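First the structure, in the form of structure tokens, and then the observations on it.
The values are calculated or read from the model by the stated rules, or taken from the named source; none is laboratory data. Just so you know, these numbers come straight off a predicted model, no measurement behind them. We place every Cβ from the backbone using ideal geometry, glycine too, and count neighbours over all the protein chains shown.
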Amino acid sequence: MTATTDQPPTDDILGIGFGPSNLALAIALEGEARHGPVRPSARFLERQASFGWHRAMMLPGADMQISFVKDLVSLRDPTNPFSFLNYLHQKGRLTAFLNLKTFNPSRVEYNDYLAWAAEHFADSVSYGEGVESVEPEIREGRLAAFRVAGRTASGEARTRRCRHLVLAAGGDPWIPEPFGRLRGDRRLIHSSWYLPGIAAALGPPTLDGPERRVLVVGGGQSAVEIAVDAGARYPRACIDLAIRAPALKPADDSPFVNEIFDPAAVDRVHDAPEPVRAELIAAHRDTNYAVVDADLIQSFYQTLYEQTVSGETRYRLLRSTRVVAIEPGPAGLAATLRDDVAGTAVAEVYDAVICATGYTRAAVPAMLDPLRPFMQGETVDRHYRLPLAPAEPRVSLHLQGFAEASHGLTETLLSILPIRAGEIAATILDLERAARAAIRPAAE
């Protein structure tokens, strides 16, 4: 804990991470400040060297799974200049996009949209600066500010200070057992680093030489996309897709079910009794977890069917199958695959194993551990603020992407980014207005 007058660079607001969540917050803060007298300073810290969203999954032909209307701003303010439609207009592609007759832009184009928006805040973002811990600054026994300790890409230690902290650092790649012991082996790849990972493991594609064997583990959208892409990228490779379920399941995007991603659903989930809330979330998991778009399932099924016609098998779907053991060796990664229905196990050797197994998120990220003496629990309030005490009124800590259990399935998705960002921005600016109003009478 810190109680010192040696002050590092200070901003009113610091955001950790500058992906879509904090980008939406930057836009919301700018909009709120434009319409009011309170204009707090804000800075965002991003460990990447430049803006990028899921760079390693920019696969040819991959489309967004949400409508472009659910962009950074439109659900909150359809007239905002940071809308996807204005991006298209600025890029000279609006009418051409309309001719596509789709609500779902490609993943590559959406990443370009996000980067276009991020460029407007380049002066407020410190790229190449990772955060290691957040320490409390204490004044008269109360939490008075946050000291954010990090390191630049060159290894230089850096400390920053703020009164309002917003953490939107994303989840950590989940590599389940038995794969965890292979961390550091370049032949084991998580979907979050798929494109550079597969290139490092297999090298450039060739039309001769030994056939490569690839195992993809996972039953969701990313797993099937990777299986298809790996086979197209390496035309001589044989691809196995191992899933725990007996079949690939389609994502339920029917209208009534899809309402779980509406802004109003957050209140419905948050205000429900805890057991009912858990049931609501569980009942809608097949909208997002371990499910695949129906058109991709159809396409992949057709690929498997065409193999029965040609007699050439490059893709296999291994149903009800778990990897129960894996060992590294000079010839590859030796995996033991257990078919839970047949009750049999076989050993296979692969040149690369790709875990499309998602991400894990702690309720409170470890970098905030030094603040635990001030935390009043690990659950954020309705407006994503983590209660702190004893703390000065002008201090706040908000978390983006860590409250699925209390706020619902939208929490880790793009669906309501502008609404959540607007609520956080309004909360912070209300605190600033109240604090500055209290200072003025005291000064008079």
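Name the pairs: first residue in the stretch 99-111 and at pLDDT below 95 and surrounded by 20 or more Cβ atoms within 10 Å (Cβ to Cβ), second residue in a loop (DSSP other than H, G, I, E, B) and not hydrophobic (A, V, I, L, M, F, W, C), Cβ to Cβ under 7 Å, at least 6 apart or on different chains?
Taking only residues 6 or more apart or on different chains, not a single pair turns up.
With respect to the numbered conditions (1) of a type in the set (A, V, I, L, M, F, W, C); (2) more than 30 Å from Ser41 (Cα to Cα); (3) at pLDDT 95 or above, which one is the sole condition not fulfilled by Leu207?
The failed condition is (3).
Check whether at least one residue in the stretch 370-377 is aliphatic (A, V, I, L, M) and under 30 Å from Ile189 (Cα atoms), and report yes or no.
The answer is no; no qualifying residue exists.
Between Gly15, Gly31, Gly52, Gly61, which is within 29 Å of Ser126 (Cβ to Cβ) and over 19 Å from the mean Cα position of the chain (by Cα)?
The unique qualifying residue is Gly31.
Taking strands (runs of 3 or more DSSP E) that fall entirely within the stretch 126-209, which contain at least 1 residues that are under 30 Å from Glu225 (Cβ atoms)?
Strands (runs of 3 or more DSSP E) meeting the threshold: 129-139, 157-167, 188-190.
Look at the stretch 306-330 and say how many of its residues are hydroxyl-bearing (Ser, Thr, Tyr), over 30 Å from the mean Cα position of the chain (by Cα) and surrounded by 10 or more Cβ atoms within 10 Å (Cβ to Cβ).
Adding up the residues that qualify gives 1.
Could you tell me whether any residue of the stretch 189-196 is at pLDDT below 95 and not assigned by TED's automatic domain parsing to the domain that holds Ile66?
no
Any residue in the stretch 139-157 that's surrounded by 10 or more Cβ atoms within 10 Å (Cβ to Cβ): show its pairings with residues that are among the polar types (S, T, N, Q) at Cβ separation under 7 Å, as long as the two are six or more apart or on different chains.
Arg147/Thr2; Arg147/Thr159; Val148/Thr159; Ala149/Ser133; Ala149/Thr159
Just checking, does the stretch 34-44 include any residue being surrounded by fewer than 24 Cβ atoms within 10 Å (Cβ to Cβ) and of a type in the set (Val, Ile, Thr)?
Yes, the conditions are met somewhere in the stretch 34-44.
Quick check, is Pro246 assigned to a loop (DSSP other than H, G, I, E, B) and modelled with pLDDT under 95?
So Pro246 does not fit the description; no.
Anything in the stretch 354-393 that is basic (Lys, Arg) and in a strand (DSSP E or B)? List them, or say none.
Result: Arg385, single match.
When you go through Pro136, Pro178 one by one, which is the residue that is in contact with a strand residue (DSSP E or B) (Cβ under 7 Å, 6 or more places away or on another chain), assigned by TED's automatic domain parsing to the domain that holds Ala223 and either closer than 23 Å to Leu23 by Cα or not β-branched (Val, Ile, Thr) (or both)?
Pro178
Can you tell me which residues in the stretch 273-288 are without any contact (Cβ under 8 Å) to a residue 12 or more places away in the chain and not in a helix (DSSP H, G or I)?
Of everything in the stretch 273-288, just one residue is without any contact (Cβ under 8 Å) to a residue 12 or more places away in the chain and not in a helix (DSSP H, G or I), namely Pro273.
Please go through the stretch 203-219 and pick out each residue that is surrounded by 19 or more Cβ atoms within 10 Å (Cβ to Cβ) and in contact with a helix residue (DSSP H, G or I) (Cβ under 9 Å, 6 or more places away or on another chain).
Arg212, Val214, Val216, Val217, Gly218 - these are the residues of the stretch 203-219 that are surrounded by 19 or more Cβ atoms within 10 Å (Cβ to Cβ) and in contact with a helix residue (DSSP H, G or I) (Cβ under 9 Å, 6 or more places away or on another chain).
State whether one or more residues within the stretch 404-414 are crowded, with 18+ Cβ neighbours inside 10 Å and farther than 23 Å from Ala264 by Cα.
No: the stretch 404-414 contains no residue that is crowded, with 18+ Cβ neighbours inside 10 Å and farther than 23 Å from Ala264 by Cα.
Restricting attention to the stretch 235-256, does a residue exist that is in contact (Cβ under 8 Å) with a residue 12 or more places away in the chain, surrounded by fewer than 20 Cβ atoms within 10 Å (Cβ to Cβ) and β-branched (Val, Ile, Thr)?
no
Condition (residue is among the charged types (D, E, K, R) and buried (at least 18 other Cβ atoms within 10 Å of the Cβ)) applied to the stretch 367-388: is it met by at least one residue?
yes
Just one of the numbered conditions (1) within 21 Å of Phe146 (Cβ to Cβ); (2) at pLDDT below 95; (3) assigned by TED's automatic domain parsing to the domain that holds Pro390 is not true of Thr4; which one?
Failing condition for Thr4: (3).
Determine if the stretch 89-96 includes at least one residue that is modelled with pLDDT of 95 or more, farther than 30 Å from Gly358 by Cβ and touching a helix residue (DSSP H, G or I) at 6+ places or on another chain (Cβ under 7 Å).
yes
List the residue pairs whose Cβ atoms are under 9 Å apart, where the first residue sits in the stretch 1-21 and is under 18 Å from Ser133 (Cβ atoms) and surrounded by 20 or more Cβ atoms within 10 Å (Cβ to Cβ), the second is aromatic (Phe, Trp, Tyr) and at pLDDT 95 or above, and the two are 6 or more positions apart or on different chains.
Correct list of pairs: Leu14/Phe44; Leu14/Phe146; Gly15/Phe44; Ile16/Phe44; Gly17/Phe44.
Report every pair of residues separated by at least 6 positions or lying on different chains whose Cβ atoms are under 9 Å apart, first residue within the stretch 67-80 and without any contact (Cβ under 8 Å) to a residue 24 or more places away in the chain, second surrounded by 15 or more Cβ atoms within 10 Å (Cβ to Cβ).
Listed pairs, sorted by first residue: Pro78/Leu85; Thr79/Val73.
Restricting to the stretch 394-443, name every residue that is among the basic types (Lys, Arg), outside any loop (DSSP other than H, G, I, E, B) and at pLDDT below 95.
Arg433, Arg436, Arg440
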